[in-house]
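Just below is one structure, and these are the notes that go with it.
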């Protein structure tokens, strides 16, 4: 059984538990933690996560952030975009707030646009986080999403979990987050 198969099994066990719909969003975020080297294989397993969600009587709504950096940078006119992309420090400064806010709004808009029968039984699966790596922290994007947002946000997180700390792509400084961890067997 592969690491991702073990992760699907852990997810199946977790998704069958009662949802904490009256809790703030920070306690309705699931970090589905997988090894970064499994990034290319993850899309092949997303149907298994979706099926587990549906079998538990919940709805599945995927929000894929792949391509979000290009979409964000394309919001600038050609001259400004060229200047931003030429200067790493300028790019980092723009991304710290601009890209973060763009991503947060994109997530919120996708959640609002989803056709959801019962928002208290909705799982919004957030994928494509690899693009954040050079620019912003995942936690700063999640902090933008209003606590009153309904449903569960399942964040497919490439990295590792050590205690209550998460390390994005196993290299960024870790941070503590209240999210519920879903990890493969043998992970902490």
- Task: State all residues of the stretch 43-55 that are more than 11 Å from residue 11 (Cα to Cα) and touching a helix residue (DSSP H, G or I) at 6+ places or on another chain (Cβ under 7 Å); if no residue qualifies, say none.
- Result: 45
- Being at pLDDT 80 or above and over 12 Å from residue 65 (Cβ atoms) narrows it down to one of 97, 164, so name that one. 97
- Task: Please specify each residue of the stretch 132-157 satisfying the condition of being in contact (Cβ under 8 Å) with a residue 60 or more places away in the chain, in contact with a strand residue (DSSP E or B) (Cβ under 9 Å, 6 or more places away or on another chain) and assigned to a loop (DSSP other than H, G, I, E, B).
- Result: 145, 149, 150, 151
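Do we find that residue 89 is out of contact with any strand residue (DSSP E or B) (no Cβ under 8 Å at 6 or more places or on another chain), over 29 Å from residue 163 (Cα atoms) and at pLDDT below 95 in this structure?
For residue 89, the condition - out of contact with any strand residue (DSSP E or B) (no Cβ under 8 Å at 6 or more places or on another chain), over 29 Å from residue 163 (Cα atoms) and at pLDDT below 95 - is met.
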- Note on the structure: Output for Cβ contacts, cut-off 8 Å, separation at least six or different chains, first residue closer than 20 Å to residue 111 by Cβ in the stretch 1-27, second modelled with pLDDT of 90 or more and loosely packed, with under 14 Cβ neighbours inside 10 Å, reads none
- Task: Mind listing whichever residues of the stretch 116-147 are more than 10 Å from the chain's Cα centre (by Cα) and within 19 Å of residue 52 (Cα to Cα)?
- Result: 116, 117, 118, 119, 120, 121, 122, 123
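The values are calculated or read from the model by the stated rules, or taken from the named source; none is laboratory data. Fair warning: this is a prediction, and the values are worked out from it, not measured in the lab. Quick reminder, even Gly has a Cβ in these numbers, built from the backbone with ideal geometry, and neighbours come from all protein chains shown.
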